[in-house]
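Visitor: Take a look at this one; I'll ask things after.
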Amino acid sequence: KAGVTQTPRYLIKTRGQQVTLSCSPISGHRSVSWYQQTPGQGLQFLFEYFSETQRNKGNFPGRFSGRQFSNSRSEMNVSTLELGDSALYLCASSLVGVPTDTQYFGPGTRLTVL
Amino acid sequence: DAKTTQPNSMESNEEEPVHLPCNHSTISGTDYIHWYRQLPSQGPEYVIHGLTSNVNNRMASLAIAEDRKSSTLILHRATLRDAAVYYCILRDVPNSGNTPLVFGKGTRLSVIA
C-alpha cells in the first residue's frame, strides 16, 4: 500500500505570496491532519479534516487554511507569506480519525520564504 | 493537554537494550500513551501506544507504571537505524471526534556502533 504522499517536496516563495501544499493520504484513510515543524517551536498541530469537514484546529492565524476533497486528498494554503512561515509542513492520515488510530506521516514539504 | 517530561537526550550502544523514560504525572483516566519517533529528514513514525497494560509489538515494548504517572519505551536491541527523536504523547479520548498529537521536545537517542 502506498504511503502518504506530499507535493511538492520543496518550495521557495517570497514574502507576501501565497502557497498551496497537497497531501494524498493512504488509500481508505478518511482523516488528514497537518502539522508545522520549525527548529524553534517544534511540531505544532495546524488542523484536521475528516469527511471534508475541519474537525480540529490549532492555534494558527487565519492565513493558514485547508480543505479536504471527497477522495480524502487535502490541501493547505498559506496566504500573505511571512519569513516565519518557513518550515517543514507535515501531513498525516489515519483510518477513521479517532485517538487510538495510528497516524501515518508523509515526508513533508519544506517551505522556504525569502 | 496533559504534559509529558522526557530527557533531552540519551545515548546507547548498538545491540544493547534502551529504556526511554517519560513522566506524565497529570495523566487522566482516558489518556492513551503514544510513542512516535522521527528519524533524520523524515516525518514522525508511530512506535506503540497503550492505556494501562504493558504492550509489545515488533518495534518495541511499552511498560506503564501501575499508577500510570510514568511509562518507559523499551527498544530491545538498538540499531543504528533507531537513532531518532522519540516523542511520548498523551491523547485524550473524547466522547466523539479526535484529538491531535501534541508533540513536546522529545528525547534525542544516539546509537553508537
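Visitor: Return yes or no: is residue B:2 at pLDDT 95 or above, in a loop (DSSP other than H, G, I, E, B), of a type in the set (A, V, I, L, M) and open to solvent by less than 40 Å² (accessible area, probe 1.4 Å)?
Guide: So residue B:2 fails the test.
Visitor: Any idea which of (1) within 13 Å of chain B (Cβ to nearest Cβ); (2) assigned to a strand (DSSP E or B); (3) exposed (fewer than 14 other Cβ atoms within 10 Å of the Cβ); (4) not aliphatic (A, V, I, L, M) is the one residue A:77 doesn't satisfy?
Guide: (1)
Visitor: Yes or no: residue B:41 surrounded by fewer than 17 Cβ atoms within 10 Å (Cβ to Cβ), within 15 Å of the chain's Cα centre (by Cα) and under 27 Å from residue A:110 (Cβ atoms)?
Guide: no
Visitor: Out of A:82, A:52, I need the residue that is touching a residue at least 12 places away in the same chain (Cβ under 8 Å) and over 17 Å from residue B:98 (Cβ atoms). Which one?
Guide: Answer to the check: A:82.
Visitor: Here is a follow-up. Among what's in region B:50-71 and is crowded, with 17+ Cβ neighbours inside 10 Å and in contact (Cβ under 8 Å) with a residue 40 or more places away in the chain, pick the residue that is farthest from the chain's Cα centre (by Cα).
Guide: Looking at residues that are crowded, with 17+ Cβ neighbours inside 10 Å and in contact (Cβ under 8 Å) with a residue 40 or more places away in the chain, I get B:68.
Visitor: Go through region A:25-58 and report how many residues are more than 14 Å from chain B (Cβ to nearest Cβ) and either open to solvent by 60 Å² or more (accessible area, probe 1.4 Å) or part of a strand (DSSP E or B) (or both).
Guide: Matching residues across region A:25-58 total 2.
Visitor: Select from region A:52-92 the residues that are farther than 21 Å from residue A:2 by Cβ and hydroxyl-bearing (Ser, Thr, Tyr) and write down the one among them that is farthest from the chain's Cα centre (by Cα).
Guide: Top of the filtered list is A:80.
The values are calculated or read from the model by the stated rules, or taken from the named source; none is laboratory data. All values reported here derive from a predicted model rather than from experimental measurement. Every residue, glycine among them, receives a Cβ derived from its backbone with ideal geometry; neighbour counts consider all protein chains shown. Protein only, heavy atoms only, side chains kept; ligands, DNA and RNA dropped before computing areas. Shrake-Rupley method; radii C 1.70, N 1.55, O 1.52, S 1.80 Å.
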